[in-house]
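**Student:** Before anything else, here's the structure in question.
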Amino acid sequence: MADILALSYLAHRLLLFARGTRALQVLLSLVALWALWHLARRTGLELTGWILGSAIQLAPIALIVVFRNELREVLIHAGPLRLLAGRRPLVGPIDPTAVAEAAFRLAASRTGALLVFQGRDRLDRLAQQGERIDARFSAPLVESLFVKESPVHDGAVLVQDGRIDRVGTLLPLSTSPGLPAQYGTRHRAAVGLSERCDAVVLIVSEERGEVSLAKGGEIEQVATPEDLERSLVGGPVGVGRADARGGRLAGLASAWGGFLLTTLAVSVVWALYDLQQVAQRTVTATVQFRGLPESLELVDPPETFELQVWGKQSLIDNLPSEGITATVDLSGAEQGGTYTLERGDLTVDVPAGVEWSLSESSMGLGLVERVEVTVPVQVRLEGEPPQGRAFAVLRAEPDRVVLLVPKRVGDRLEAVETRPIHVGSLGIDADTPEATVTIPLELSRHSARPVAGSTDTVRVTIGLRPADPQEDPATGP
């Protein structure tokens, strides 16, 4: 959510500063380029996809170079409060009667004038130079600014937030070939500015004594003060008879509406991006079993499982092909037969955000019942005794053990052997006639384990005795 809000903020600011410029066309071109890239990838056009992908990778650098001035303004002027509340509240709407009075009095005296009423778009990058005076708008002040003796009469007066912000400002000239030949520098400057933003420009012609308004790149001649008042009221330029509170509420609603629309668009793009980033692959996981009841035994348990994993492309790409562990909990098994694994029986060690499932729709494990048996211990001796002597097991403690074994094994198990004892390494001779060792039982070959309280090792005492010619001297009688 924080990611979407951050992107929405940046997108909203860029759109506000791009209004009236060609930036929106560039952004739409980049969106179309991105769509073509994904289409090329999905249709198998490898070379086209590679070229378009390379162009997209260079796009951020190109945007920074082309829109470096706009980005600088975003960093300097944009702030969270200004984003949510829109432009700062107007000091008070300008009385349209005062504007009409000033305009037609200037026209009557054939005094040229150029007044710019700023709208929602910033004019910092369009209206150059000028002197900042920050004065309350009044007809006498406007008339005094445009008299021929004034040092700023050739420039434009910039009206912003209900006040005269700057005077003697230079505006960009229009290069449109369709303008009438009688239009001079003032008219071309008015059209040039209105082509690039939502400002309304009031022009008073010095040669003809006419009053005109420039909006959206078009000039409209105004015949009477009443017509001028009607043309100015109701626009986004701070001229009107509505109270200031209504203007602030309208600006706040407009700012919130624009931000919500931007957030909605960013959310849609994020959802599409998120869907396209899901990847899937098959991995092999090492299996560990736990919780098997004492009364049951696994039959040929698998050492690995194949799992299907899916998630974000970056997570799946970084997932190791080895080292994933799946732990199977068999505490729910109650009897022998085939135990069908369910998802709740498995715990898989994968990063957060990665989902998994068994490659097979169902997987069964063979289980057999265990039985308790009591069997004697058989000691295995290896090695050559001294000449004329034989090794003998003097004592084995315990000589019988209680084991849990699969039922099929318990039916035929007669004894359990120890691991081989290499007697030659014990140093038994005439001076040391016996030795005692502790040796483990061979339980794995019978899938056996001792019952609780029993043991899996035997303490064996071995000695020498005279050899019988008819017996194996290593194992004894």
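The values are calculated or read from the model by the stated rules, or taken from the named source; none is laboratory data. All of these numbers come straight from a predicted model, not from anything done at the bench. Please note: Cβ atoms are built from the backbone with ideal geometry, for glycine as well, and neighbour counts cover all protein chains shown.
**Student:** Please determine, by comparing only the residues of region 393-408 that are out of contact with any Asp or Glu (no Cβ under 9 Å at 6 or more places or on another chain) and crowded, with 17+ Cβ neighbours inside 10 Å, which one is farthest from VAL299 (Cα to Cα). Steps first, answer last, please.
**Tutor:** Just the residues of region 393-408 that are out of contact with any Asp or Glu (no Cβ under 9 Å at 6 or more places or on another chain), to begin with: 393, 395-400, 408.
Pick out the ones that are also crowded, with 17+ Cβ neighbours inside 10 Å and you get 393, 396.
Numbers: VAL393: 36, ALA396: 32 Å.
The selected residue is VAL393.
**Student:** Restricting to region 437-451, count the residues that are at pLDDT 90 or above and either surrounded by fewer than 15 Cβ atoms within 10 Å (Cβ to Cβ) or touching a Cys at 6+ places or on another chain (Cβ under 6 Å) (or both).
**Tutor:** So the count comes out to 2.
**Student:** A further question on this structure: Of all residues in region 141-152 being out of contact with any Ser or Thr (no Cβ under 8 Å at 6 or more places or on another chain) and touching a residue at least 12 places away in the same chain (Cβ under 8 Å), which is surrounded by the fewest Cβ atoms within 10 Å (Cβ to Cβ)?
**Tutor:** As a first pass, look at region 141-152 and keep what is out of contact with any Ser or Thr (no Cβ under 8 Å at 6 or more places or on another chain): 141-142, 145, 149, 151-152.
Then drop every residue that is not touching a residue at least 12 places away in the same chain (Cβ under 8 Å), which leaves 141-142, 145, 151-152.
Values: LEU141: 16, VAL142: 24, LEU145: 22, PRO151: 10, VAL152: 16.
Checked region 141-152; the qualifying residue surrounded by the fewest Cβ atoms within 10 Å (Cβ to Cβ) is PRO151.
**Student:** Quick one: which strands (runs of 3 or more DSSP E) sit completely within region 227-320 and have at least 1 residues that are at pLDDT 75 or above and touching a Gly at 6+ places or on another chain (Cβ under 6 Å)?
**Tutor:** 296-299, 304-312
**Student:** Also, quick follow-up: Give the residue, chosen from GLU382, GLU414, GLU434, that is charged (D, E, K, R), farther than 27 Å from LEU464 by Cβ and not assigned by TED's automatic domain parsing to the domain that holds PRO301. Reasoning before the result, please.
**Tutor:** Numbers: GLU382 fails: farther than 27 Å from LEU464 by Cβ; GLU434 fails: farther than 27 Å from LEU464 by Cβ.
GLU414 is the lone residue from the list that is charged (D, E, K, R), farther than 27 Å from LEU464 by Cβ and not assigned by TED's automatic domain parsing to the domain that holds PRO301.
**Student:** Now a separate question. If you go through region 280-320 one residue at a time, how many are among the small types (Gly, Ala, Ser) and within 25 Å of the chain's Cα centre (by Cα)?
**Tutor:** Our first condition is that a residue be among the small types (Gly, Ala, Ser); within region 280-320, this holds for 285, 291, 295, 311, 314.
Filter once more, so that each one left must be within 25 Å of the chain's Cα centre (by Cα): 311, 314.
Total meeting the criteria: 2.
**Student:** Still on this structure, please answer the following. Give ALA127, ALA108 a once-over and let me know the one that is buried (at least 17 other Cβ atoms within 10 Å of the Cβ), of a type in the set (A, V, I, L, M), assigned by TED's automatic domain parsing to the domain that holds ASP198 and in contact (Cβ under 8 Å) with a residue 12 or more places away in the chain. Spell out the reasoning first.
**Tutor:** On the way: ALA108 fails: buried (at least 17 other Cβ atoms within 10 Å of the Cβ).
After applying the criteria, what remains is ALA127.
**Student:** Please determine, by comparing only the residues of region 335-353 that are of a type in the set (Val, Ile, Thr) and buried (at least 17 other Cβ atoms within 10 Å of the Cβ), which one is modelled with the highest pLDDT.
**Tutor:** As a first pass, look at region 335-353 and keep what is of a type in the set (Val, Ile, Thr): 338, 340, 347-348, 350.
After this cut, where a residue has to be buried (at least 17 other Cβ atoms within 10 Å of the Cβ) as well, the list is 348, 350.
Numbers: VAL348: 89, VAL350: 85.
Of everything passing the filter in region 335-353, VAL348 is modelled with the highest pLDDT.
Here's the yes/no breakdown for (1) part of a loop (DSSP other than H, G, I, E, B); (2) at negative phi:
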{"site": "ARG125", "(1), (2)": "yes, yes"}
{"site": "LEU145", "(1), (2)": "no, yes"}
{"site": "GLY168", "(1), (2)": "no, no"}
{"site": "PRO172", "(1), (2)": "yes, yes"}
{"site": "LEU179", "(1), (2)": "yes, yes"}
{"site": "VAL191", "(1), (2)": "no, yes"}
{"site": "GLU195", "(1), (2)": "no, yes"}
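**Student:** Any chance region 406-428 includes a residue that's more than 30 Å from ARG370 (Cα to Cα), assigned to a loop (DSSP other than H, G, I, E, B) and in contact with a Leu (Cβ under 8 Å, 6 or more places away or on another chain)? Walk me through how you get there before you give the answer.
**Tutor:** To start, the set of residues in region 406-428 that are more than 30 Å from ARG370 (Cα to Cα) comprises 422-428.
The next check asks that each one be assigned to a loop (DSSP other than H, G, I, E, B); those that pass are 427-428.
Okay, now just the ones that are also in contact with a Leu (Cβ under 8 Å, 6 or more places away or on another chain), so 428.
For region 406-428, residues more than 30 Å from ARG370 (Cα to Cα), assigned to a loop (DSSP other than H, G, I, E, B) and in contact with a Leu (Cβ under 8 Å, 6 or more places away or on another chain): present.
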